[in-house]
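Okay, structure first, notes after.
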Amino acid sequence: MNFESGRSLPEIPDLAALYRRGLTFRHGQVIMIAGRSGTQKSGFALWLAANWNLPTLYFSADMSAFTASSRVASLASGKTLAEIEQAMEMGGALRLEVEEALSVYDELQFSFGSPIRWSQVDEELEAFVEFNDAYPQVIVFDNLMDFDGAESDYAGQMETMSMITELSRATGAVCLILHHASDKSWEAKADPWSPPSRDQVKGGLSEKPEVSLSVALDPHTKDYRVAIIKQRMGWNDPTANTSDVLT
């Protein structure tokens with residue numbers, strides 16, 4: 001049942017610049033996505049999961065079921081969130097079009113609730129294995145500070161990271177963990193639209209995963225920038241001065 005750890009995940013064309021820098025996503029890895037408030041960390045994680053299109057279990061404490069469904073429908077149909085909402089309200093052929101688009105990403109399964117508790121994780125994994133006869137190949141935790149006991153306590157956050165690492169090794173799944181970077185640093189005030197450096201990630205917790213990505217969204221240009229601030233087996237730039245725009 002355990003998917004083979006170490007195997008590469010499918011490449012996503014829009015990440016070509018990051019692949020050229022040596023970034024590789026592998027089964028059995030823990031990957032952190034860190035960013036300041038409002039940088040669409042959840043949207044990026046959902047986009048990754050949708051584009052990999054592998055059996056995925058997404059634990060969401062930040063997004064509601066409606067928001068998650070709307071974002072997936074937007075990815076599948078190319079419509080904006082406003083257009084999705086309008087189509088669902090109008091019903092008829094427009095609603096049917098959205099619902100059919102959603103079926104493209106039937107590998108995505110969600111679990112909602114805040115805080116995220118390990119009893120919830122165990123139950124969802126058991127149900128997933130019962131239904132699919134296999135572990136999920138991608139597990140997303142949105143986010144670290146929404147775990148029960150890890151809201152503000154460093155020791156609780158470290159314990160949660162250790163348990164996620166153990167889960168990734170036991171199941172062979174790539175585990176994405178979302179986390180916050182400081183909004184109060186000098187860099188956050190002087191250059192808010194650039195990805196935060198490794199030392200701005202709260203609690204210094206970007207050191208623990210195999211890969212840590214730093215993200216930022218420029219609301220004026222709509223550029224979404226990604227920096228590799230930690231990669232255990234490859235190139236990285238802890239300063240995040242080197243970043244790439246998603247194409």
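The values are calculated or read from the model by the stated rules, or taken from the named source; none is laboratory data. Quick caveat, the model's predicted, so the values are computed rather than measured. Note that we place each Cβ from the backbone using ideal geometry, even for glycine, and neighbour counts take in every protein chain shown. Surface accessibility is based on the protein's heavy atoms, side chains included, excluding ligands, DNA and RNA. Shrake-Rupley method; radii C 1.70, N 1.55, O 1.52, S 1.80 Å.
Here are a few things to note about the model shown:
- Inter-part distance where segment 223-247 and segment 164-217 are each reduced to a Cα centre, Å: 11
- Ranked packing of 59-69, 209-219, most packed first, by mean Cβ within 10 Å: 209-219, 59-69
- Annotation for segment 53-101 versus segment 125-160: alpha-carbon center distance of 24 Å.
- Charged-residue dipole, Cβ positions (Lys, Arg, Asp, Glu), segment 176-247 about Cα centre, Debye nearest 20: 200
- In this structure, the residue pairs whose Cα-Cα separation is over 20 Å, taken from 208/230; 184/222; 41/230; 184/208, are 184/222; 184/208.
- With all protein chains modelled, accessible area of residue 159 [1.4 Å, Å²]: 110
- Across the accessible surface of the chain, with the other protein chains kept in place and a 1.4 Å probe, carbon and sulfur atoms take up 49 percent.
- For the chain, the fraction of alpha-carbon pairs in successive 5 Å shells from zero, as %: 1, 6, 13, 18, 20, 18, 13, 7, 3, 1, 0
- Among the trypsin sites (Lys or Arg not before Pro) within segment 110-212, those in coil by DSSP and having at most 10 neighbouring Cβ atoms inside 10 Å are 184.
- Rounded to the nearest 10 square angstrom, residue 80 shows an accessible area of 70 square angstrom against a 1.4 Å probe.
- Net charge of the neighbourhood of residue 19, taken over other residues with C-beta under 14 Å away and scored Lys/Arg +1, Asp/Glu -1, is 0.
- 141, 131, 112, ranked by accessible area, largest first (probe 1.4 Å): 131, 112, 141
- In order along segment 146-152, phi translates into HN-Hα couplings of 9, 6, 4, x, 10, 4, 9 Hz, rounded to whole numbers, per the Karplus curve 6.51 cos²θ - 1.76 cosθ + 1.60 with θ = phi - 60° and x for Gly and Pro.
- Net charge of Cβ neighbours under 15 Å - reference residue 56; Lys, Arg +1; Asp, Glu -1: -3
- Relative to its Kirkwood radius, the Cα radius of gyration of segment 117-247 gives an Rg/Rh of 1.01.
- Å² of accessible area per residue within the chain, as computed with a 1.4 Å probe and no ligands counted: 47
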